[in-house]
Amino acid sequence: MTVHRRKKIEIVVEAAMLADVVEWLTEHGVKGYTTVPKVSGFGRQGRRQAEDPARVFENVLVIAIAGEETARRILAESVERLRDYAAIVYLSDVEVARPDHF
């Protein structure tokens, strides 16, 4: 089986920003994404609980796969685009069997 190298983009962001993040990925030609609602954790912004009754501090995880150039452009843009929000963007290497999907 032939495998193809791609980058996995993972974005943890305030749930209120989900539509903007999806639009941003789409503008860069990302063909699909997965969301994981109600993620929790601890970081620079403090503790984020998965169950926030007011939904003000609720986070979501967005996962997408793209070519290296696209992924690095998104990572670079994230510094400015998400600077006012509780957000983190990171990349990792993945291998896919069907490159035309990404």
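The values are calculated or read from the model by the stated rules, or taken from the named source; none is laboratory data. Because the structure is a prediction, the values reported are computed rather than measured. Because the Cβ atoms are built from the backbone with ideal geometry, glycine has one as well, and the counts that use them run over all protein chains shown. To get the accessible areas, we keep the full protein, side chains included, count just its heavy atoms, and leave off ligands, DNA and RNA. Shrake-Rupley method; radii C 1.70, N 1.55, O 1.52, S 1.80 Å.
With respect to the conditions (1) in a helix (DSSP H, G or I); (2) surrounded by 14 or more Cβ atoms within 10 Å (Cβ to Cβ), THR35 lacks only one, and its number is (1). For segment 66-86, give me each residue that is under 13 Å from ILE11 (Cβ atoms) and surrounded by 13 or more Cβ atoms within 10 Å (Cβ to Cβ). Scanning segment 66-86 gives ALA66, ALA71, ILE74, LEU75, GLU77, SER78, ARG81, LEU82, TYR85, ALA86. Against the test of being part of a strand (DSSP E or B) and within 11 Å of VAL62 (Cβ to Cβ), the options VAL21, VAL13, VAL30 yield a single qualifying residue, VAL13. Of all residues in segment 40-65, those satisfying the criterion of being open to solvent by less than 30 Å² (accessible area, probe 1.4 Å) and either in contact with a Phe, Trp or Tyr (Cβ under 7 Å, 6 or more places away or on another chain) or at pLDDT 90 or above (or both) are ARG48, ASN59, VAL60, LEU61, VAL62, ALA64.
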